[in-house]
Ligand SMILES: [Zn+2]
């Protein structure tokens, strides 16, 4: 039993979205003052090529000379993908926007350009991937948005009540005891449904600025996702045997 509880506890981990930017100052600014970054008026630095302080197209390209600017590792992922900074979003539109951006910065387009632009295209491409992955998954999106609000995920399970933990232990046991593909599939279907409901709840909680509620829901989602991954492992084993 204790092992199960410890296993569940290890699920609660903080995901750190600190960008791997080369600009350390910008990186710290993003971690320490994300809420300021969220609302700060955009003051684009001068273009490295034409020196103009013109507006950037898609946050990346100088609108005067068309050169691809250095990666802005502290950029708000929602802004990068042309979405308002809020939890609910249309997944299909997100994918569309992601593909458009990847086409714009595709390294093939820069193979004949300056080495600075080649580096920039690779950097932007990987940042766009990271932003997309973060926003496409409800739990990741929730944690990211929470971080933009200046909050972090709890390090322990104090946000959870005893009943929930007991229920999770029982469900882990159900997975352990499930012997065939059908029961595993049923258990998974139930989890999928609950995770969808939780994503809906997150949307309302963010709208209501109930960040404590957000944290509690995100931690619960982590538990459900961990049970889901145990189911997947067991399904793999069944397939292999
Ligand atoms: Zn320029």
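The values are calculated or read from the model by the stated rules, or taken from the named source; none is laboratory data. Model, not experiment: these values are computed from the prediction. Cβ atoms come from the backbone with ideal geometry, glycine included; neighbour counts cover every protein chain shown.
Structure above, values below:
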quantity: Residue among 94, 81, 89, 56 that is farther than 30 Å from residue 208 by Cβ and surrounded by 13 or more Cβ atoms within 10 Å (Cβ to Cβ); calculated: 56
quantity: Condition broken by residue 118, with the remaining ones in (1) surrounded by fewer than 20 Cβ atoms within 10 Å (Cβ to Cβ); (2) within 24 Å of residue 204 (Cβ to Cβ) satisfied; calculated: (2)
quantity: Tabulated pairs, segment 52-63, first under 11 Å from residue 79 (Cβ atoms), second within 9 Å of the ligand (Cβ to nearest atom), C-beta under 6 angstrom, 6+ apart or interchain; calculated: none
quantity: Positions within segment 59-78 being closer than 21 Å to residue 112 by Cβ and away from the ligand (no atom under 14 Å from the Cβ), in sequence order; calculated: 71
quantity: Residues of segment 119-135 classified as touching a strand residue (DSSP E or B) at 6+ places or on another chain (Cβ under 9 Å) and over 18 Å from residue 78 (Cβ atoms), total; calculated: 2
quantity: Helices (runs of 4 or more DSSP H) wholly inside segment 91-199 containing at least 1 residues that are at pLDDT 95 or above and over 24 Å from the mean Cα position of the chain (by Cα); calculated: 115-136, 162-177
quantity: Meets criteria (out of contact with any helix residue (DSSP H, G or I) (no Cβ under 8 Å at 6 or more places or on another chain), surrounded by fewer than 21 Cβ atoms within 10 Å (Cβ to Cβ) and in contact (Cβ under 8 Å) with a residue 40 or more places away in the chain) for residue 123; calculated: yes
quantity: Criterion (out of contact with any helix residue (DSSP H, G or I) (no Cβ under 7 Å at 6 or more places or on another chain), closer than 27 Å to residue 204 by Cβ, modelled with pLDDT under 95 and in the same structural domain as residue 137 (by TED's automatic domain parsing)) met by exactly one of 36, 31; calculated: 36
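Matching residues to (1) buried (at least 18 other Cβ atoms within 10 Å of the Cβ); (2) under 15 Å from residue 223 (Cα atoms):
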{"position": "150", "(1), (2)": "no, no"}
{"position": "154", "(1), (2)": "no, yes"}
{"position": "157", "(1), (2)": "yes, yes"}
{"position": "164", "(1), (2)": "no, yes"}
{"position": "169", "(1), (2)": "no, yes"}
{"position": "178", "(1), (2)": "yes, no"}
{"position": "184", "(1), (2)": "yes, no"}
{"position": "189", "(1), (2)": "no, no"}
